[in-house]
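Quick notes on the structure that follows.
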Amino acid sequence: MVPVGVEIKETEVSDEDFEEMKGFVRDYLAASVESEDDGGRMRWYPWHSADYRFNHILNVVDLATDIAESEGADVDVVRVAAVFHDVAKLEAEQDVHAEAGARVAREYLQSRGNYPESFIEEVCGAVVDHSYTGDLTDVPLESRCLMEADVLDKVGANGAVLMLLRMGYESRTHMDSAKMVDRVLQRAHDHTERVVSDSAESIAHQRIKRVKWIREWLEEEVSRMDAEGVTDR
């Protein structure tokens, strides 16, 4: 007999099952790129490759799980939704990739394991919600945890390095590096205003602090080089 007041968790995803999900998503992303003659719809930016997209997914899984645990959300719903949230990113257009990802997640969960339909609906709902641009208080808690994690991966040291990599594709030199990092800071502040949970806000502030350090170091060193006439231009 279950003690009064103890919640019975309807669905549990084992670590083994979750590893299989990650393997499926990794292979799905790779196949999405390999199936296109031009090397992938967004392959012209390396961070839109299958490897980058899968790394982003893993980052979001970790962030979303931490936020879900802190906020009292259903961790299994959140982490499964996180691993599938961008599974269709390389084969679907941006404005429909969330819906396409939810279809892939549904097919996977219905064909493997014995997951109840209620669990599948929650996971797919969160996958669809993750591209919602409105107020995060409008969506269920599990969707919010995923959405907060998704935007947080775009800021911080990771976001700063990605922005610096972009410089080469825009024919910029190191002299513009501080300005490029300013873009990350602006994005970080915008995302911080959007997140709702205390745990996500704490993560955002930590990441903003790191980007500010990078920005200060770049400005100091690059401005010194500029003053000494050391330039690539």
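The values are calculated or read from the model by the stated rules, or taken from the named source; none is laboratory data. As the structure is a prediction and not an experimental result, all values here were calculated from the model. Positions of Cβ are generated from backbone atoms using ideal geometry, with glycine treated the same way; all protein chains shown enter the neighbour counts. Heavy atoms of the whole protein, side chains included, go into the accessibility calculation; ligands, DNA and RNA do not. Shrake-Rupley method; radii C 1.70, N 1.55, O 1.52, S 1.80 Å.
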note = Apart from one, (1) crowded, with 18+ Cβ neighbours inside 10 Å; (2) modelled with pLDDT under 80 all hold for D153; the odd one out is (2)
query = V161: surrounded by fewer than 22 Cβ atoms within 10 Å (Cβ to Cβ) and not in a helix (DSSP H, G or I), yes or no?
reply = no
key: Residues (under 25 Å from V80 (Cβ atoms) and either free of Cβ contacts under 8 Å to residues at least 12 places away in the same chain or in contact with a helix residue (DSSP H, G or I) (Cβ under 6 Å, 6 or more places away or on another chain) (or both)) located in the range 149-158   = A149, D150, V151, L152, D153, V155, G156
inquiry  = Residue under question is I67, and the condition is that it be modelled with pLDDT of 95 or more, more than 15 Å from L141 (Cα to Cα) and either open to solvent by less than 10 Å² (accessible area, probe 1.4 Å) or outside the structural domain of D129 (by the TED database) (or both); does it hold?
reply    = no
Filter result for the condition that a residue is open to solvent by less than 70 Å² (accessible area, probe 1.4 Å) and modelled with pLDDT of 85 or more, over R215, R144 = R144
request  = Considering each of D76, D86 in turn, give the residue that is assigned to a loop (DSSP other than H, G, I, E, B), among the acidic types (D, E) and crowded, with 20+ Cβ neighbours inside 10 Å.
outcome  = D86
Exclusive hit being among the hydroxyl-bearing types (S, T, Y) and over 14 Å from the mean Cα position of the chain (by Cα), set S131, S177 = S177
message = Which numbered condition in (1) open to solvent by 30 Å² or more (accessible area, probe 1.4 Å); (2) without any contact (Cβ under 8 Å) to a residue 40 or more places away in the chain is the only one that D176 fails?
response = (1)
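A quick yes/no check of all residues on (1) open to solvent by less than 50 Å² (accessible area, probe 1.4 Å); (2) at pLDDT 85 or above; (3) at negative phi:
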{"site": "K22", "(1), (2), (3)": "yes, yes, yes"}
{"site": "G40", "(1), (2), (3)": "yes, no, no"}
{"site": "W44", "(1), (2), (3)": "no, no, yes"}
{"site": "H48", "(1), (2), (3)": "yes, no, yes"}
{"site": "L63", "(1), (2), (3)": "yes, yes, yes"}
